[in-house]
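The values are calculated or read from the model by the stated rules, or taken from the named source; none is laboratory data. Remember, it's a predicted structure, so these values are computed and weren't measured experimentally. Neighbour counts run over all protein chains shown; Cβ positions are idealised from the backbone, glycine included.
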Amino acid sequence: MIETTGEDRRFPPALAEVATVEFVYGDSAEVEGEGVDFMPYAEFEPAEETTQWVRAWTANHELDGGAGQDGSGGLAALWMARPGRPLAEQPVVFMGSEGESGLVAANLSDLLWVLADGFGPREAALHPDREPLPDPVLAEIAARHAVTPRRAAREIVLTARAEFPSFEEDLDELCR
């Protein structure tokens, strides 16, 4: 992870549009335990707050560093794994409040399809085999903004894991 500043911290318009959608979870879901536990941000958190969060999560005070969080305080973030490439081309990861982590998508475009398939970052990273809960509003946003083809969330997660097979080990190495 690296801190991004200035032009690099422009919030992608597609994510700003996603932030206008209400995600249904918990008591509001049709079936208990279903839904999407995700509260997307309408803009990036200030770099100082992101840095503080990632340092607390890893206990590593040398790191710098979200796109949104879940109800427990877990964070969806961009993993700056492709040096020199734009934010939209960086993988999306989930870092949970209890130390759980996982890849969500290989890029922001694929994240849009994951959300359209009814998965939040937590669900995609930790439970990619669950039953999809497609969302037509998010599918419309993805259709307008995504530059990758529509695929099932499970396929997107498995593709990201194949591309970054050492993500969890790399993250563990950052922890103190």
Exercise for review: Within region 92-106, track down each residue that is at pLDDT 90 or above and crowded, with 23+ Cβ neighbours inside 10 Å.
Suggested key: VAL92, VAL93, PHE94, LEU103, VAL104, ALA105, ALA106
Point to revise | Among (1) surrounded by fewer than 19 Cβ atoms within 10 Å (Cβ to Cβ); (2) of a type in the set (A, V, I, L, M, F, W, C); (3) at pLDDT below 80; (4) touching a strand residue (DSSP E or B) at 6+ places or on another chain (Cβ under 9 Å) - the single one ALA59 does not satisfy | key: (4)
**Study point:** Candidate set: region 122-176, residues that are part of a loop (DSSP other than H, G, I, E, B) and touching a Pro at 6+ places or on another chain (Cβ under 8 Å); chosen: the one farthest from GLY35 (Cα to Cα)
**Key:** PHE164
Study note, to complete from the structure: Per the list (1) surrounded by 19 or more Cβ atoms within 10 Å (Cβ to Cβ); (2) touching a Gly at 6+ places or on another chain (Cβ under 6 Å); (3) at pLDDT 65 or above, residue check on MET1 breaks on (3)
